[in-house]
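The structure appears below as structure tokens.
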Amino acid sequence: MKLRRPARRATLVVHVIAAAGWLGLTLGLLALAFAAITTDSAAVTEAAVRSMKLFADWLVLPLALLTLLSGLLLSLGTPWGLARHRWVYTKFWLTLATTAASAFALRPGINDTVAIVSAGAPVTDPTDLIAGPVVSLSAYLFMTVISVLKPWGLTRRGRKQRDQNQRASARKPVDAKVMRQTA
């Protein structure tokens, strides 16, 4: 399945907006975690972790899933393919891992911290609160860099497909009517 140009462009816009939103949201979570950890005010700590809970409950998973699904659609609907280029394959697995980590580690960790702080106790382990956003931010920045640089070349499957396409095109007769002038 190949996406037509308008669908590909629309999907790319959705993907970039969702990924940028996810990255920005993670920066916000990191700032709130830092505020909760560094303040001496119990009210500021509680407000920061409650805000983190709001972001994690309502925004993280929708943006993560939208990024994952739009990226999957782009990889399957364009010549890049899902398993043809190492950078695409790496991004897919990192996005899948960070989505799972957001659902099964980040959100429960924030919910536990909210319960502790709401009971009047201080944040017991600040690394639990800040580790998730730091790891997520590192992964998103890495994925952004490889999206721009597109390193590492083809996978074994991509090389095999390229070689098959080259052999098939070498056997095609050239039709002068079909040829078009370039440049």
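The values are calculated or read from the model by the stated rules, or taken from the named source; none is laboratory data. Remember, predicted model here, so these are calculated numbers, not experimental data. Here Cβ is always computed from backbone atoms with ideal geometry, including for glycine, and neighbour counts include all displayed protein chains. Side chains are part of the model used for accessible areas, which takes the heavy atoms of the whole protein and leaves out ligands, DNA and RNA. Shrake-Rupley method; radii C 1.70, N 1.55, O 1.52, S 1.80 Å.
Observations on the model:
- Average accessible surface area per residue within the stretch 1-49, 1.4 Å rolling probe, Å²: 59
- Once the Cβ-Cβ distance of residue 149 and residue 104 is raised to the sixth power relative to R0 = 30 Å, the FRET efficiency obtained is 0.50.
- Protein accessible area in the stretch 1-94, 1.4 Å probe - carbon and sulfur %: 73
- Cα→Cβ-extended label distance, 7 Å offset, between residue 31 and residue 167, nm: 5.6
- When restricted to Cα atoms, the chain yields an Rg and a Dmax of 22.2, 81 Å, respectively.
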